[in-house]
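Coordinate-derived values only; no laboratory data. Since the model is a prediction, treat every value here as computed from it, not as a measurement. Quick reminder, even Gly has a Cβ in these numbers, built from the backbone with ideal geometry, and neighbours come from all protein chains shown.
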Amino acid sequence: MQANITTLANGLRIATSNRSGTQTVSLGIWVKTGAAYEKLEENGISHFLEHMVFKGTPTRTSFQIDAEIEDVGGQTNAYTSREFTAFYAKMLKEDAELALDVLSDIVLNANFPETELSKERDVVVQEIKQTIDTPDDIIFDYFQDKAFENQALGRTILGPAEKVLSYTGEDLNRYRNLHYAAENMVICAVGNINHQKFVDMVKARFENFRSKTNFKIEEQKYTGGYFAEKRDIEQAHVLLGFKGFNYDSKNYYPATIFSTIFGGGSTSRLFQEIREKRGLVYTTYSFSNAHTGAGVFGIYAGTGREELKQLLPVVTDEIKKITNEKVSEKELQRAKVQLKASMLMGLESSSSSAEIIARQLLIFNRVIPVKEMVSRIENVTLDDVQNIAQTIFSSTPTYTLVGDIDGHPSYDNIQNMLKG
């Protein structure tokens, strides 16, 4: 994955990766801000702003924003995460400047008309309610809240409904002016695109954009904890988590490989033991999530009330096994191949490549060569995996449950199972 990078005088980075044999371009604007950078009283505003920029500018109505892209067969979308907000599009190569013009217009000039604010508040509140009503979604919010208790990183991306209903156009403008600046933005295009032409397009629109942000990032610190919510539904959803690693940690790749071995697919230890051998679940997996200043490792399962009582002792037994005994060379090699294949297949997509380039520039201030990423995967050893397991599972657990959970093991029981 090669990228050409130009930095404007105001600090804005522009990146391209040319694929001259294609007929399309994927491009977007990535901003290093999100729920983890909000104050308590601002929770949910990053996501609400992401919605509202599509609702009109001085020169385009909400309909025109959508129509200009769709009239030429393009696609556009956006997302907000805990640490990133992105606005992106995929177009035929001859329409790349149109896509950039629309995206730059909404990011720079969205004017938040009150009629649209009123409607979109209700839309986002419906999104919040939908998440709350979906137990295998909301449990991840509960989990994040306990893993990073009383911190911005632990709060929800959508925010609480009462806060969303209170946000005004002035609030959105204030937040955008504080968090959107050249130094924490990347504009990236991948596909049939000439680098210098793209730089000229971006420069014409962003050359005078403010350079510096003026907000402080809150410290990120894993805490752990317990939360359970009984619901009258058929399943019990459970998440068991531990302290993980940040993006810049030397343990990032070993932790990712460990997660693949432990619960990353149908050949993983968790899947084989819990589903294939015992039939206790339909879905189970583990994950290793990194953030700028912290990380979290988690194990998810959806099961029945009676199975839940059997499930957690089995999970903790598998934790103790992989902590005390080295994994096999075959398991390690399988995980490496799975991780490399997933990475390389993702890079074949221009949209995924643009995302990776932009995020790496925002996190590491460079684009990591594919050869280097492959090397880091290949260099993980059996000892690394065991050390990661011991490090992760020695931390304070995060234990969250939602659903038909009567009789579930207590937090103290879980801690004792892990020690025993």
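Between the alpha-carbon centers of the stretch 50-105 and the stretch 167-244, tell me the distance in whole angstrom.
17
Could you tell me the calculated FRET efficiency between ASP71 and GLU149, based on Cβ-Cβ distance and R0 = 41 angstrom, to the nearest 0.05?
0.30
State the answer as a single residue: which of ALA96, VAL202, THR131 lies farthest towards the positive end of the charge dipole of the stretch 95-208, with beta carbon charges of +1 for Lys and Arg and -1 for Asp and Glu, about the Cα centre.
Final value for the positive-end residue is VAL202.
From the list (i) 24, 53, 22, 0; (ii) 24, 43, 23, 9, 0; (iii) 18, 30, 17, 20, 12, 3, 0, can you say which value of P(r) over Cα pairs in 20 Å bins from 0, in percent was derived from the structure given?
Label of the calculated value: (i).
Give the lysines reachable from LYS221 as a straight Cα distance under 20 Å; neighbours fewer than 8 places away on the same chain don't count.
LYS32, LYS39, LYS146, LYS243, LYS250
Once phi is turned into θ = phi - 60°, what whole-Hz ³J(HN,Hα) does the Karplus curve with 6.51, -1.76 and 1.60 give for every residue of the stretch 343-351, x standing for Gly and Pro?
These are the phi-based 3J(HN,Hα) values: 5, 5, 5, x, 6, 6, 7, 5, 5 Hz.
Quick check on packing: order 78-86, 248-256 by the mean number of other C-beta atoms within 10 Å, highest mean leading.
Per-residue mean Cβ counts within 10 Å order the peptides as 78-86, 248-256.
Measure up LYS277/LYS336; LYS90/LYS197; LYS277/LYS309 against 19 Å on the Cα-Cα distance and list the ones that go over.
LYS277/LYS336
Treating cross-link reach as a plain straight distance, find the aspartates and glutamates whose alpha-carbon is under 12 Å from the alpha-carbon of LYS419, omitting any fewer than eight places away in the same chain.
List returned: ASP317.
If I take R0 = 56 Å and measure r between the Cβ atoms of SER395 and ASN208 in this structure, what FRET efficiency does the formula 1/(1 + (r/R0)^6) give, to the nearest 0.05?
It comes to 0.75.
Under a plain spin-label model, where a point goes 7 Å from the Cα along Cα-to-Cβ, how far apart in nm are LEU108 and SER20?
It is 3.0 nm.
Normalising by the residue count of the chain, find the relative contact order in percent from Cα pairs under 8 Å and 6+ residues apart.
It rounds to 22 percent for the chain.
Tell me which of PHE84, ASN246, GLN333 sits at the most positive position along the dipole axis of the chain, charges placed on C-beta atoms (Lys, Arg +1; Asp, Glu -1).
GLN333
Under a plain spin-label model, where a point goes 7 Å from the Cα along Cα-to-Cβ, how far apart in nm are ALA228 and LYS320?
2.1
Helix 305-324 versus the longest principal axis of the chain: what angle, 0 to 90°, nearest 10, using Cα atoms?
Helix 305-324 sits at roughly 90 degrees to that axis.
In nm, what is the difference between 0.36 nm times the number of residues separating THR59 and LYS39 and their Cα-Cα distance?
4.0 nm
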